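The values are calculated or read from the model by the stated rules, or taken from the named source; none is laboratory data. Please read these numbers as outputs of a predicted model, since none were measured by experiment. Here the Cβ positions follow ideal geometry from the backbone for every residue, glycine too, while neighbour counts run over all protein chains shown.
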Amino acid sequence: MAETTFLDKIASTIIDGYNHKLSDLVVVLPNKRAKVFLIEALRKKTQNTIFAPQIISIEDFIQDIAGIRSVDSIELVFEFYEIYIEITDKEKQQPFELFANWAKTLLQDFNEIDRYLLEPSHVLSYLKDIEDIKHWSVDAEKRTTMIDNYLQFWNLLPVYYEALYGHLLNKGIGYQGLIYREAVKNLNHFSNAIGNKEFLFAGFNALNASEEKIVQHLLVTDKAKIFWDADEAFLNDPFHDAGLFLRRFKESWKHYKANPFEWIVKDFSEPKNIQVIGTPKTIGQAKIVGSIIEKHAQRENSLNKTAIVLGEENLLVPLLYALPASVEALNITMGYSGKNNPAQILIAKLFKLHSNALSRNPSSYVFYYKDVLDILTHPLVEPYAQAAALVNIINQNNYTFITHNKLLELSPNQSTLFLLLFQKWEHGSMQVLETISSLLLQIKSNLSNDNDEEKITKAFVYSIFKVINKLMNYYSRHQHIDTIETLFAVYKQIIDLAEVSFEGEPLNGLQIMGVLESRVLDFDTVIVTSMNEGKFPAGKSQNSFIPYDVKRELGLPTFKEKDAIYTYHFYHLLQRAKNIYLLYNTESEGLDGGEKSRFITQLEVEKQKNHTLTHEIYNAALPDIAYKPIVIPKSESVMSRLKEIAVNGFSPSALTSYIRNPIQFYMQKILRIREVEEVEENIALNTLGTIIHETLRVLYEPFIDKFLFAEDIKNCIKQIDDEVLKQFKIVYKEGEIKKGRNLLAFEVAKRNVLNFLKLELQEIENGDAVKIIALEKTYERLLEHPKLPFPVLIKGNVDRIEQRNGKIRIIDYKTGKVDGKEVSLKQWEKLTSEIKNDKIIQVLAYAFMYAPNLQGQEMEVGILSFKNLKSGFLPFNFKEDKTEISVVDDTISGNYIEQLVLLLNEILDKEIPFQEKI
């Protein structure tokens, strides 16, 4: 059988070279995942039943040598904090959440120092000396306490290191670097104790100083062999980063002075079809991957030798949606971050809800409505919390701040889920974590196993459940770190480590993985996404206290080495592949943007003669028409609804709504779709208008059918404050009106009413005789016309009708600004064709409705604008031959009715569809 992969060759080496002593063989691989593939390769190489050798990852191997348990990064920060509190003066101690920000970086530096077997006191005192030099420019007398404290911190670094190292060693636990350092110390004892065991190291690239020392020691003592996967195209090129570490080892290891460097292969120069595809945005890449997979599934019987390598994990979910139905078997072997997990988003919202409630008033525990609605409308809560009625009550009554007791009172039917969500967080972190743990179990019980979507959601919930249980374990051992703020800070840090695991069949079907998961494995078809600078390879971010030049001097890895590791992984993916697809985002702007990866440019510049390399740009297909207006034909049911409106009454606002946009009319009047009820946190303009209208109605109501006197208006002015407040409470219900923008709106309402009454008072004192006829009254009139298919009722609410100096005046209040030209008309033909005439259509509709009540009096209609009160009443007028007609006489009425009939005929004509105006 032809050996097509590196693991096939390793399997042959094991079978041929160690067949008689497999039980003594330990195979060490870069990661755990490769173990499954190696066992499968061994199975294919033998016909008989054999005991497989022990196969472990390098990390487990080093832990075995050291005899120390690895500790995760969050537990390590907790342990470090214990040491920090012991060593640091009480007045200089920081709270845990501040400490954790810099401690994680310092621990990474401790880790590197240990992995590379450097003398910690030398490195850390070096850093202290650098900081001292930086502050030489500051005279001793001018040194501030802050500078002294800063330098004191650098002085303490060696003390922190020694104390933490000893503390962890006593507990038998350690971070990776400590374990590596101890493993090197324990190397002689280990090699004496292993007996007949032999080690086979396979598929490595970069080794740190500890790993180098351990491997070389075992090679020298003839206890181990190591097999590299080095392609001569990279190894023999002194400038190619993919061979950087392999060249170093080949040249510097004593073992290779007398032994061959195995294996050097010639796979990369074999024929390959490389397609570079650029497309805008992340979703575009997911779609293209889906189409590539579909073509491959049609051409080949299986996708067992196909891998999708995601340069960015956020692409996973859109990719899963883009995969074709022909993908039957799928294996996802990559960590998907907990950050975008729906369960995590819910927990983050819970922290926000309760933290805000505690900070506002710990005794009454006041919730902010947005925090409450964020929780109740979350997809993991809404279907199960039985809180739809509560959401409606909050929206309808404008509750802005709700006490805990009030919330429970407003929701009499409380589910277990509801009670867990809003249970007070009053008894420290452990109680909070226990509540969240119970909450997650309750959410899990609500989800079924019947559909794939809920299964995935369960996986998300379980990943957060594990995080919460881990936190409970930490807090049970470190109870003095106990505030909600600290808990949330720790939670936010630990959530970065929380990864969702997906079930799959590792040896079957399509493989989806991250870059690191692809180590040691070989595939025939490889699709790599997000090949943009900053993502593939990652950027030059340096999360370390040790400067670049110091790292270079001490032999610590810099971004140069990190880039070389990434380069090796990338080229190893391509090494034995036959079909390669490299996808990148063509957009340079935005969160997922950036330049095309240098790896693509490198492939183009250093093109091998057997490689076929093509470069394509895929753009979304643009339609010929950017947007097609909505057209809705009038069905029988639509005509039936129009007749119903004609019987019940067309309002002036309905008519102007049709002129503005027939589709809007269709939605509001035909389908009767109302706007969603929401909490009005800041008073909207229409609410402010309602309050002003209602206040004026109440103030003027006692004077209906009476003439107004100056004394009456002065009495009204005295009532403004109380009446506006009363109307605010009626219209705005439980909304907050005593502070912020709402208080300003309250004052604006009072000022508008006062200015209106002052204008009224001034006009009465100037001799106007004003008699109120009607306020906020509904009028209606049947319009019968030979051109109409059937009679139409015109019906609407009129703000105010008065008799002024013997003339009837119909007034429409507008809280916005209106100019006189907006109620002036020059051509009747343009009345219903231009939306700017909407106010004229409205006021003339009031005149039409009131006309039967005139009894021979003259009538004028118009607008009173609260933002243009200095202009007073703005009457409708028709300009003709340099004359202005403002009295609504029979000619004006006749012309208006003709235009109204034309408009109604269009609305009621079955053959004219509703067509959107753009």
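Which ranges mark the helices (runs of 4 or more DSSP H) fully within segment 582-670 that have 3 or more residues being farther than 26 Å from residue 310 by Cα and assigned by TED's automatic domain parsing to the domain that holds residue 838? Reasoning before the result, please.
Numbers: elements: 598-605, 636-648, 652-660, 662-665.
In segment 582-670, the matching helices (runs of 4 or more DSSP H) lie at 636-648, 652-660, 662-665.
Looking at this structure, is residue 802 in contact (Cβ under 8 Å) with a residue 24 or more places away in the chain and buried (at least 17 other Cβ atoms within 10 Å of the Cβ)?
For residue 802, the condition - in contact (Cβ under 8 Å) with a residue 24 or more places away in the chain and buried (at least 17 other Cβ atoms within 10 Å of the Cβ) - is met.
Return the pair list, or none, for Cβ contacts closer than 8 Å from residues in segment 600-623 that are within 21 Å of residue 285 (Cα to Cα) to residues that are assigned to a strand (DSSP E or B) and among the hydroxyl-bearing types (Ser, Thr, Tyr), at least 6 apart or on different chains.
Between residues of segment 600-623 that are within 21 Å of residue 285 (Cα to Cα) and residues that are assigned to a strand (DSSP E or B) and among the hydroxyl-bearing types (Ser, Thr, Tyr), the close pairs are 600/584; 617/279; 618/279; 619/279.
Pairs, please: C-beta under 9 Å, at least 6 apart or cross-chain, first residue free of Cβ contacts under 8 Å to residues at least 12 places away in the same chain and in segment 834-853, second aromatic (Phe, Trp, Tyr)?
That search, which allows pairs on different chains as well, returns 853/779.
So for segment 557-575 (the condition being at pLDDT 90 or above and assigned to a loop (DSSP other than H, G, I, E, B)), does at least one residue qualify?
No: segment 557-575 contains no residue that is at pLDDT 90 or above and assigned to a loop (DSSP other than H, G, I, E, B).
Hey, any hits in segment 875-889 for a residue that's under 53 Å from the mean Cα position of the chain (by Cα), among the polar types (S, T, N, Q) and within 13 Å of residue 823 (Cα to Cα)? Write out each step before concluding.
Step one: list which residues in segment 875-889 are under 53 Å from the mean Cα position of the chain (by Cα), which gives 875-876.
Subsequent filtering for residues that are among the polar types (S, T, N, Q) retains none.
Checked segment 875-889: no residue is under 53 Å from the mean Cα position of the chain (by Cα), among the polar types (S, T, N, Q) and within 13 Å of residue 823 (Cα to Cα).
Quick one: which helices (runs of 4 or more DSSP H) lie wholly within segment 394-513 and hold at least 3 residues that are more than 23 Å from the chain's Cα centre (by Cα) and either surrounded by 15 or more Cβ atoms within 10 Å (Cβ to Cβ) or not assigned by TED's automatic domain parsing to the domain that holds residue 361 (or both)?
Values: elements: 404-410, 416-422, 428-446, 452-477, 484-495.
In segment 394-513, the matching helices (runs of 4 or more DSSP H) lie at 404-410, 416-422, 428-446, 452-477.
Of the numbered conditions (1) free of Cβ contacts under 8 Å to residues at least 60 places away in the same chain; (2) under 24 Å from residue 11 (Cα atoms), residue 197 satisfies every one except a single condition; which is it?
Condition (1) is where residue 197 drops out.
Condition first: of a type in the set (Val, Ile, Thr) and crowded, with 16+ Cβ neighbours inside 10 Å. Now tell me which residues in segment 214-236 satisfy that.
214, 215, 226
Out of everything in segment 358-393 that is small (Gly, Ala, Ser) and under 21 Å from residue 484 (Cα atoms), what residue ends up being surrounded by the fewest Cβ atoms within 10 Å (Cβ to Cβ)?
Going through segment 358-393, the residues small (Gly, Ala, Ser) turn out to be 359, 363-364, 385, 387-389.
From what is left, the residues that are under 21 Å from residue 484 (Cα atoms) are 359, 363-364.
On the way: 359: 11, 363: 6, 364: 12.
Checking each candidate, the answer is 363.
Taking residue 877 as the residue in question, decide whether it is without any contact (Cβ under 8 Å) to a residue 24 or more places away in the chain, more than 30 Å from residue 687 (Cβ to Cβ) and surrounded by 14 or more Cβ atoms within 10 Å (Cβ to Cβ).
Judged against the criteria, residue 877 is not a match.
Name the one entry in 811, 863, 918 that is over 26 Å from residue 769 (Cα atoms) and of a type in the set (Val, Ile, Thr).
Numbers: 811 fails: over 26 Å from residue 769 (Cα atoms); 863 fails: over 26 Å from residue 769 (Cα atoms).
Residue meeting the stated conditions: 918.
Of the residues that sit in segment 782-803 and are among the charged types (D, E, K, R) and part of a strand (DSSP E or B), which one is farthest from residue 909 (Cα to Cα)?
Taking segment 782-803 first, the residues among the charged types (D, E, K, R) are 784, 787, 795, 799-800, 802.
Those still in the list that are part of a strand (DSSP E or B) too: 795, 799-800, 802.
Working: 795: 21, 799: 32, 800: 34, 802: 38 Å.
Looking at the filtered set, the residue picked out is 802.
Taking the criterion of being more than 35 Å from the chain's Cα centre (by Cα) and either more than 30 Å from residue 900 (Cβ to Cβ) or modelled with pLDDT of 95 or more (or both), would at least one residue in segment 613-622 satisfy it?
Just the residues of segment 613-622 that are more than 35 Å from the chain's Cα centre (by Cα), to begin with: 613-614.
Pick out the ones that are also either more than 30 Å from residue 900 (Cβ to Cβ) or modelled with pLDDT of 95 or more (or both) and you get 613-614.
There is at least one residue in segment 613-622 that is more than 35 Å from the chain's Cα centre (by Cα) and either more than 30 Å from residue 900 (Cβ to Cβ) or modelled with pLDDT of 95 or more (or both).
Please work out which residue is nearest to residue 74 (Cα to Cα), limiting yourself to segment 90-130 and to residues that are more than 31 Å from the chain's Cα centre (by Cα) and without any contact (Cβ under 8 Å) to a residue 24 or more places away in the chain. Before the answer, list the steps.
So in segment 90-130, the residues more than 31 Å from the chain's Cα centre (by Cα) come out as 90-94, 109-130.
When the remaining residues are screened for being without any contact (Cβ under 8 Å) to a residue 24 or more places away in the chain, the result is 90-91, 93-94, 119, 122, 129.
Details: 90: 23, 91: 25, 93: 19, 94: 17, 119: 25, 122: 27, 129: 30 Å.
Among those that are more than 31 Å from the chain's Cα centre (by Cα) and without any contact (Cβ under 8 Å) to a residue 24 or more places away in the chain, it is 94.
Of the conditions (1) in a loop (DSSP other than H, G, I, E, B); (2) closer than 26 Å to residue 212 by Cα, residue 257 fails just one. Which one is it?
The number of the failed condition is (1).
Quick grid of which residues meet (1) buried (at least 19 other Cβ atoms within 10 Å of the Cβ); (2) of a type in the set (A, V, I, L, M):
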position: 159; (1), (2): no, yes
position: 162; (1), (2): no, no
position: 165; (1), (2): yes, no
position: 172; (1), (2): no, no
position: 177; (1), (2): yes, no
position: 180; (1), (2): yes, no
position: 183; (1), (2): yes, yes
position: 187; (1), (2): no, yes
position: 193; (1), (2): no, yes
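Would you point out which residue out of 523, 502 is farther than 28 Å from residue 76 by Cα and either out of contact with any Pro (no Cβ under 7 Å at 6 or more places or on another chain) or at pLDDT below 90 (or both)?
Details: 502 fails: farther than 28 Å from residue 76 by Cα.
Sole residue among the options that is farther than 28 Å from residue 76 by Cα and either out of contact with any Pro (no Cβ under 7 Å at 6 or more places or on another chain) or at pLDDT below 90 (or both): 523.
The rows are residues; the columns are (1) aliphatic (A, V, I, L, M); (2) under 30 Å from residue 420 (Cβ atoms); (3) assigned by TED's automatic domain parsing to the domain that holds residue 429.
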residue: 314; (1), (2), (3): no, no, no
residue: 321; (1), (2), (3): no, no, no
residue: 325; (1), (2), (3): yes, no, no
residue: 344; (1), (2), (3): no, yes, yes
residue: 352; (1), (2), (3): no, yes, yes
residue: 357; (1), (2), (3): yes, yes, yes
residue: 360; (1), (2), (3): no, yes, yes
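Within segment 154-178, track down each residue that is hydroxyl-bearing (Ser, Thr, Tyr) and outside any helix (DSSP H, G or I).
Here is the first cut: in segment 154-178, the ones hydroxyl-bearing (Ser, Thr, Tyr) are 160-161, 165, 175.
Scanning segment 154-178 gives a single hit, 175.
Got a number for residues in segment 443-478 being under 18 Å from residue 425 (Cα atoms) and touching a Ser or Thr at 6+ places or on another chain (Cβ under 9 Å)?
Here is the first cut: in segment 443-478, the residues under 18 Å from residue 425 (Cα atoms) are 468-469, 471-472, 475-476.
Then keep just the ones that are touching a Ser or Thr at 6+ places or on another chain (Cβ under 9 Å); that gives 468-469, 471-472, 475.
Summing the residues that are under 18 Å from residue 425 (Cα atoms) and touching a Ser or Thr at 6+ places or on another chain (Cβ under 9 Å) in segment 443-478 gives 5.
Hey, among 758, 750, which residue is part of a helix (DSSP H, G or I), assigned by TED's automatic domain parsing to the domain that holds residue 700 and surrounded by fewer than 14 Cβ atoms within 10 Å (Cβ to Cβ)? Before you say what the answer is, go through the steps one by one.
On the way: 750 fails: surrounded by fewer than 14 Cβ atoms within 10 Å (Cβ to Cβ).
Just a single option satisfies the conditions, and that option is 758.
Does residue 777 fit the bill of being assigned by TED's automatic domain parsing to the domain that holds residue 836, in a helix (DSSP H, G or I), at pLDDT below 95 and surrounded by fewer than 19 Cβ atoms within 10 Å (Cβ to Cβ)? Can you show your working first?
Values: assigned by TED's automatic domain parsing to the domain that holds residue 836: yes; in a helix (DSSP H, G or I): no; at pLDDT below 95: yes; surrounded by fewer than 19 Cβ atoms within 10 Å (Cβ to Cβ): yes.
So residue 777 fails the test.
Given the conditions (1) at pLDDT 85 or above; (2) part of a loop (DSSP other than H, G, I, E, B); (3) out of contact with any Asp or Glu (no Cβ under 9 Å at 6 or more places or on another chain), and given that residue 324 satisfies all but one, which numbered condition is not satisfied?
(3)
For segment 393-406, which residues satisfy the criterion of being out of contact with any strand residue (DSSP E or B) (no Cβ under 6 Å at 6 or more places or on another chain) and at pLDDT 85 or above? It would help to see each step written out before you state the result.
Keep residues of segment 393-406 that are out of contact with any strand residue (DSSP E or B) (no Cβ under 6 Å at 6 or more places or on another chain), which gives 393-400, 404-406.
If the condition is that a residue be out of contact with any strand residue (DSSP E or B) (no Cβ under 6 Å at 6 or more places or on another chain) and at pLDDT 85 or above, then 393, 404, 405, 406 are the ones that fit.
Of these, 194, 226, which one is among the β-branched types (Val, Ile, Thr) and modelled with pLDDT of 95 or more? Give the steps one after another, and end with the answer.
Details: 194 fails: modelled with pLDDT of 95 or more.
Selected residue: 226, the only one of 194, 226 that is among the β-branched types (Val, Ile, Thr) and modelled with pLDDT of 95 or more.
Please go through segment 113-126 and pick out each residue that is crowded, with 20+ Cβ neighbours inside 10 Å and of a type in the set (D, E, K, R).
114, 115
Identify, please: which residue in segment 761-773 is in contact with a strand residue (DSSP E or B) (Cβ under 9 Å, 6 or more places away or on another chain) and either of a type in the set (Ser, Thr, Tyr) or in a loop (DSSP other than H, G, I, E, B) (or both) and is, among those, surrounded by the fewest Cβ atoms within 10 Å (Cβ to Cβ)?
In the first step, residues of segment 761-773 are kept if they are in contact with a strand residue (DSSP E or B) (Cβ under 9 Å, 6 or more places away or on another chain); the result is 763-764, 768-773.
After this cut, where a residue has to be either of a type in the set (Ser, Thr, Tyr) or in a loop (DSSP other than H, G, I, E, B) (or both) as well, the list is 768-769.
Working: 768: 13, 769: 11.
Among those residues, the one meeting the criterion is 769.
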